[in-house]
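Report on the following structure.
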Amino acid sequence: VEARMAMMPESKRLICQGCWQQMRVPVPIRGPLALPMRVFGIRRSNMNPNICTICELMFGTVMRRRNVELDLTILFADLRGYTALSQEVGMEGVRDILDCFYDECAAAIWQEDGLLNKALGDGVMAVFNFPMARSDHARRAVQTGREIRRRCTAGFGPVAARLGLDPARLGVGVGIHTGLTAFGEFGRAHRDVTAIGNVVNLAARLQGAAAAWEIVVSREVLDESGADDASQVVRDCTLKGFAKPVTAFVM
Ligand SMILES: [Zn+2]
């Protein structure tokens, strides 16, 4: 059943993949049965159109109570040159660039069943392997990085032309790390469902070390993703907050 569900195209999956995998509860998110659910505020999640808003709430609470760590892959992608550009192109231009960036990132992340957990100004954070469990989550994250690069390269061309910009001024940097991570609901006043800890911090730092159009990954990601050796360059990065230099691989 699971294999068949995973093979169904995104637009045909009628029940929430998160609720089904984590709790074996079928929550309708598409089709006629989804309509009454909406009366109770149960909708498709903004983080991934194949999961629902119950996941966002319930998983957060459940995870905090159990205090569990999950094996997750975390991806950060950010738009390069954004601050300088935003002074030149005005609000409409900024909107044009960000719309393209967010849309292409979301499509790339959802294609690999990831969660678009956060959109932070000029960057995004994605989580793989929760709530949709995927044993090849590191490989999926790497594939997402490549797809973000491919999609944004294609998408930025027309945007740059509209704004009269050199397309070379627009770029995206990606960082990926994988490992045991606390995922759940954090904060009391402002509740936020997200992943926290060293794995997340290192993924963010690797993204910071990436030049435009580079995907920088940790050794763990390289080992687990089975990525092709020929495409990598090793770089020893001294990262803020990490005592020893971290060996990173550039794709
Ligand atoms: Zn759900």
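The values are calculated or read from the model by the stated rules, or taken from the named source; none is laboratory data. Predicted model only: the values in this text are computed from it and were never measured. Here Cβ is always computed from backbone atoms with ideal geometry, including for glycine, and neighbour counts include all displayed protein chains. All accessible areas refer to the heavy atoms of the entire protein, side chains included, with ligands and DNA or RNA removed. Shrake-Rupley method; radii C 1.70, N 1.55, O 1.52, S 1.80 Å.
Taken over the stretch 12-25, the criterion of being more than 10 Å from the ligand (Cβ to nearest atom) and surrounded by 13 or more Cβ atoms within 10 Å (Cβ to Cβ) is satisfied by 13, 14.
Residue-wise test of (1) touching a helix residue (DSSP H, G or I) at 6+ places or on another chain (Cβ under 8 Å); (2) within 8 Å of the ligand (Cβ to nearest atom); (3) at pLDDT 85 or above; (4) within 18 Å of residue 193 (Cα to Cα).
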| position | (1), (2), (3), (4) |
| --- | --- |
| 3 | no, no, no, no |
| 10 | yes, no, no, no |
| 27 | yes, yes, yes, no |
| 31 | no, no, yes, no |
| 44 | yes, no, yes, yes |
| 55 | yes, yes, no, yes |
| 74 | yes, no, yes, yes |
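A search for C-beta distances below 7 Å between a residue of the stretch 5-26 that is closer than 11 Å to residue 52 by Cα and small (Gly, Ala, Ser) and any residue that is open to solvent by 70 Å² or more (accessible area, probe 1.4 Å) and modelled with pLDDT of 65 or more, counting only pairs 6+ apart in sequence or on different chains, returns nothing.
When restricted to residues that are out of contact with any strand residue (DSSP E or B) (no Cβ under 8 Å at 6 or more places or on another chain) and either of a type in the set (Gly, Ala, Ser) or outside any helix (DSSP H, G or I) (or both), the stretch 84-118 contains 6.
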